Amino acid sequence: MSAVLAVRMGDVARLSLNRPSAIHALTLEMVQAMAAPLLAWRDDDAVRAVMIDHHDGRGFCAGGDIAFLRGSALNDGGVSGRKFFHDEYQLNHLLFTYPKPVIAFMDGITMGGGVGISQPARFRVATENTRLAMPETGIGLFPDVGGGWYLSRLAWRLGQYLALTGARLDGAECLWAGLATHYLDSGSLVEAKERIHRGDEPGVVLDALSASPPAPKLAAHTDSIERLFASDRYEDILAALAGEGSDWAKATLATLATKSPQTCKVALRQLADSLSCADFAANMAMEYRIGARVLTLPDFAEGVRAVIIDKDNAPRWNPATPAGVTDAMIDEIFAPLPGGEEWKPL
């Protein structure tokens with residue numbers, strides 16, 4: 001069976017991710033299998049809305065195919081990995097600019113690439129099962145797929161906190177932070193989809209079936225996050241946390257000690273630069289430049305080894321410390337690509 005199920009029911013189309021053994025982690029083939037029908041439905045007057053969900057399993061989408069990307073970095077100089085990023089970012093941009101309502105059901109694990117295909121949607125549905133995160137700095141990557149755009153625009157410097165720590169948000173926290181538009185009990189999802197398929201307006205259906213979420217736990221730390229993550233300089237954030245003395249600050253500092261210093265600095269620069277991007281396409285072009293270079297730097301292959309392959313959780317980052325990551329290194333990662341290699345939308 002296909003890893004992406006594309007179906008039409010009346011005037012509503014539906015894309016269902018169908019790779020449950022990998023929590024629907026996206027492959028290049030899945031990206032292309034989503035983009036093709038989306039392009040066809042975009043210009044089809046008989047289609048009024050598109051739903052994106054997962055067919056089976058315990059999560060919406062765990063991200064991209066990390067093992068494939070590491071293999072590309074080690075075996076083909078990143079050529080196939082850059083192709084994946086290129087097409088994935090085109091899919092992200094297509095969804096962001098889609099002229100018809102898109103409804104994404106973020107039921108379960110929603111990380112990395114899963115964030116990239118849900119955040120552009122007009123309606124983003126969280127449930128009690130939702131676990132949303134951008135955990136890339138833990139494997140030597142950065143919060144891509146539009147993460148620079150979404151995270152930089154969150155209140156209280158939450159985006160910087162999420163980008164650096166990879167913290168997971170539950171469904172209630174997603175709604176509170178603005179990363180979800182609705183919170184539904186998972187038991188209501190079948191009814192919601194059926195009513196949308198029958199022709200009811202998505203927003204009306206989701207409003208009617210919305211549940212009252214529990215209090216967002218992270219809200220208790222917004223003052224600390226806004227104050228301690230105020231700087232775009234990584235060393236300043238580390239110093240602020242070290243000087244705080246609270247249990248929360250100590251735990252956060254310990255979490256950051258496990259992340260790639262280089263990609264933490266990349267993420268802070270990425271979010272800062274995104275705020276000056278003229279539009280989402282400019283943001284994605286920036287992220288493609290970053291991805292094309294970070295993919296083949298030592299930290300990515302090493303991070304995947306430590307966290308996913310060997311699972312010793314003892315990555316040997318290079319450079320090993322924030323001080324070793326110079327401004328010149330970061331500038332090189334963000335520099336324009338050679339002629340003809342820049343990213344462009346579909």
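Give the residues of the range 183-193 that are part of a loop (DSSP other than H, G, I, E, B) and open to solvent by 10 Å² or more (accessible area, probe 1.4 Å), sorted by residue number.
Taking the range 183-193 as the starting set, the residues that turn out to be part of a loop (DSSP other than H, G, I, E, B) are 184-185.
Answer for the range 183-193, where residues must be part of a loop (DSSP other than H, G, I, E, B) and open to solvent by 10 Å² or more (accessible area, probe 1.4 Å): just 185.
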Subject >> Checking residue 307 against (1) buried (at least 20 other Cβ atoms within 10 Å of the Cβ); (2) part of a helix (DSSP H, G or I); (3) not basic (Lys, Arg), the condition it does not meet >> reply: (1)
**OP:** Any chance you could count how many residues in the range 136-182 are among the aromatic types (Phe, Trp, Tyr), buried (at least 23 other Cβ atoms within 10 Å of the Cβ) and at positive phi?
**Re:** 0
Original post:
Has the range 196-218 got any residue that is touching a Leu at 6+ places or on another chain (Cβ under 9 Å), closer than 20 Å to residue 60 by Cβ and open to solvent by 60 Å² or more (accessible area, probe 1.4 Å)?
Top reply: no
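Going by what's in this entry, would residue 282 be described as without any contact (Cβ under 8 Å) to a residue 12 or more places away in the chain, under 30 Å from residue 43 (Cα atoms) and in a helix (DSSP H, G or I)? First the steps, then the outcome.
Details: without any contact (Cβ under 8 Å) to a residue 12 or more places away in the chain: yes; under 30 Å from residue 43 (Cα atoms): yes; in a helix (DSSP H, G or I): yes.
Yes, satisfied.
For residue 17, are the conditions met, namely being surrounded by 24 or more Cβ atoms within 10 Å (Cβ to Cβ) and farther than 21 Å from residue 149 by Cα?
Values: surrounded by 24 or more Cβ atoms within 10 Å (Cβ to Cβ): yes; farther than 21 Å from residue 149 by Cα: yes.
Considered against the rule, which asks whether it is surrounded by 24 or more Cβ atoms within 10 Å (Cβ to Cβ) and farther than 21 Å from residue 149 by Cα, residue 17 comes out as yes.
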Subject >> Residue list for the range 220-247, filter: surrounded by 15 or more Cβ atoms within 10 Å (Cβ to Cβ) and either assigned to a helix (DSSP H, G or I) or among the aliphatic types (A, V, I, L, M) (or both) >> reply: 221, 222, 224, 225, 226, 228, 234, 237, 238, 240, 241, 244
Original post:
For the range 113-135, which residues satisfy the criterion of being over 22 Å from residue 210 (Cβ atoms), crowded, with 24+ Cβ neighbours inside 10 Å and of a type in the set (Gly, Ala, Ser)?
Top reply: 113, 116
Original post:
Out of the range 136-154, which residues are free of Cβ contacts under 8 Å to residues at least 60 places away in the same chain and either part of a loop (DSSP other than H, G, I, E, B) or more than 18 Å from residue 281 (Cβ to Cβ) (or both)?
Top reply: 154
Original post:
Residue check, residue 320 against (1) surrounded by fewer than 20 Cβ atoms within 10 Å (Cβ to Cβ); (2) assigned to a helix (DSSP H, G or I); (3) not charged (D, E, K, R), all met but one. Which one?
Top reply: (2)
Original post:
Taking the range 39-68 on its own, how many of its residues are of a type in the set (A, V, I, L, M, F, W, C), surrounded by fewer than 18 Cβ atoms within 10 Å (Cβ to Cβ) and part of a helix (DSSP H, G or I)?
Top reply: 4
Original post:
What about residue 296, is it modelled with pLDDT of 95 or more, under 20 Å from residue 151 (Cβ atoms) and either among the hydroxyl-bearing types (Ser, Thr, Tyr) or buried (at least 19 other Cβ atoms within 10 Å of the Cβ) (or both)?
Top reply: no
Subject >> Of all residues in the range 69-105 being of a type in the set (D, E, K, R) and under 30 Å from residue 196 (Cβ atoms), the one that is surrounded by the most Cβ atoms within 10 Å (Cβ to Cβ) >> reply: 88
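The values are calculated or read from the model by the stated rules, or taken from the named source; none is laboratory data. Here the structure is a predicted model, which means the values were calculated and not measured. Counting neighbours? That spans all protein chains shown, and the Cβs are built from the backbone with ideal geometry, glycine included. Each accessible area value is taken on the protein alone, full model and side chains, heavy atoms only, with ligands, DNA and RNA left out. Shrake-Rupley method; radii C 1.70, N 1.55, O 1.52, S 1.80 Å.
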